[in-house]
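Report on the structure given below.
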Amino acid sequence: MGPLVIMVVLVCGFWFTENHYQSRIRQARTNGWTSYFYVAMHGCKFVIQGFCLVLFIYLFLLIVSLIISIPHLFVSTYGIKDFYSWLTNKTALSYPLFFILSLCAGCFIAWRAGDAAQKSLRDERVRQAAYREMAALDAIESLLVQAIDEDMLIFVTLKSRKVYIGYVAAPRIEHSLTQHLSIIPCISGYRDKDTLYYHEQHRYYELYLKKGITADSKGLNLQHFRHVIPMHEVEAISLFDTSTYQCFDEFINNKSEHLSDE
């Protein structure tokens, strides 16, 4: 009985977490035993719901049997009705029918819940709300969503000191071992190994303007220039505002000139 229950619990939990976006993201961000227990938690929820459903049916049939059997108290020839004992007396696969039906009901409830969660993502508003809900739990993801919402550039520094300034092209993959950052670069450069001062190298946006490359242009479009960067190569990410950067740049240059004069 134990192995059968464990199998059903894990199958129900796996089906639901694979089809429910928020649960899939939370499960992907866990590892080891935590991941197994998270799946089992959802599976137990559905198995308990299945047990409660069959128990309700059992109690309903018991009450109906008692009500119909009331005339037996006054007429001895009137037989006692029994509409419920078959659930506990009959067996299937060497297990009581009550037990088998509980597991089947749990599987059905899990299938319906997972299928409904999957279909709900076809609605753009529901999908966006689910994504934003999970993004709010992660600092980097939250920053990327803010950049998309406010149509702002991001400043990405890699561990190699390579720098990219561009727009977020796509959200990260949810699995922690394969997550990446996809951006459409506008400018690239590097940080000085000693001062970490940013030095500009390439201006992608000049190429876009010269060649008439847009998001929906024929032939080459902006998606053809997207850079996919593994997150383990990223040192830091921040929002980038051109006017603010120019103010900092002027401040640094003025400070350098002042020190050189002294």
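No lab work stands behind these numbers, since they all come straight from the coordinates. Note that the structure is predicted; figures quoted are calculated from it, not measured. Glycine gets a Cβ as well: all are built from the backbone with ideal geometry, and neighbour counts include every protein chain shown.
Worth a mention:
- Degrees separating the helix 124-135 axis from the principal Cα axis of the chain, which is the longest one: 70
- Helical contribution to [θ] at 222 nm, DSSP H n ≥ 4, -39,500 (n - 2.57), averaged over the chain, rounded to 500: -18000 deg cm²/dmol
- Here Lys81 is the anchor, and the lysines within straight C-alpha reach of less than 19 Å, apart from those fewer than 8 places off in the same chain, are Lys90.
- Expressed as a whole percent, the proportion of Cα-Cα pairs in region 2-120 lying more than 20 Å apart is 54%.
- With Cα atoms, 0 to 90° folded angle of helix 33-68 axis to the chain main axis: 30
- When each of Lys162/Lys210; Lys162/Lys218; Lys162/Lys211 is checked by Cα-Cα distance, pairs over 27 Å: Lys162/Lys218
- As a calculated quantity, the FRET efficiency between Ser142 and Ser217 at R0 = 51 Å, using C-beta atoms, amounts to about 0.95.
- Per-residue packing, averaged as other Cβ atoms within 10 Å, sorts the ranges 203-212, 95-104, 132-141 into the order 95-104, 132-141, 203-212, beginning with the highest.
- Separation in nanometres of the label points that stand 7 Å from Cα toward Cβ, at His199 and His72: 9.6
- Most mobile listed residue (Glu124, Glu18, Glu233) in the chain, GNM with C-alpha springs under 10 Å: Glu124
- Compactness relative to 2.2 N^0.38 Å, alpha carbon Rg of the chain: 1.69
- Calculated on the Cα set of region 52-95, radius of gyration then Dmax: 12.9, 41 Å.
- Relative contact order [Cα under 8 Å, 6+ residues apart], the chain, whole percent: 16
- Per-residue HN-Hα couplings for region 223-240 [Karplus 6.51, -1.76, 1.60; θ = phi - 60°; Hz; x = Gly/Pro]: 5, 5, 9, 5, 10, 9, 10, x, 5, 6, 8, 8, 8, 7, 9, 8, 6, 10
- Under 5 Å from the amide H of Glu235 lie the amide H atoms of Thr157, Leu158, Lys159, each residue being 5 or more positions distant or on a separate chain, with H modelled from the backbone and absent for Pro and chain starts.
- Among Asp149, Asp82, Asp194: highest mean-square fluctuation, GNM of the chain, C-alpha pairs under 10 Å: Asp194
- FRET efficiency, Leu97 to Ala170 (Cβ-Cβ, R0 35 Å, nearest 0.05): 0.10
- Between Ile63 and Arg125, the distance separating the two model label sites (each 7 Å from Cα on the Cα→Cβ line) works out to 3.9 nm.
- Maximal additional length on extending the Glu133-Met152 stretch stands at 4.8 nm, based on 0.36 nm per residue less the C-alpha distance.
- Considering every alpha-carbon pair of region 68-156, the percent of pairs per 5 Å bin, from zero through the bin containing the longest distance, is 3, 10, 10, 9, 8, 8, 8, 7, 7, 7, 5, 5, 5, 3, 2, 2, 1, 0.
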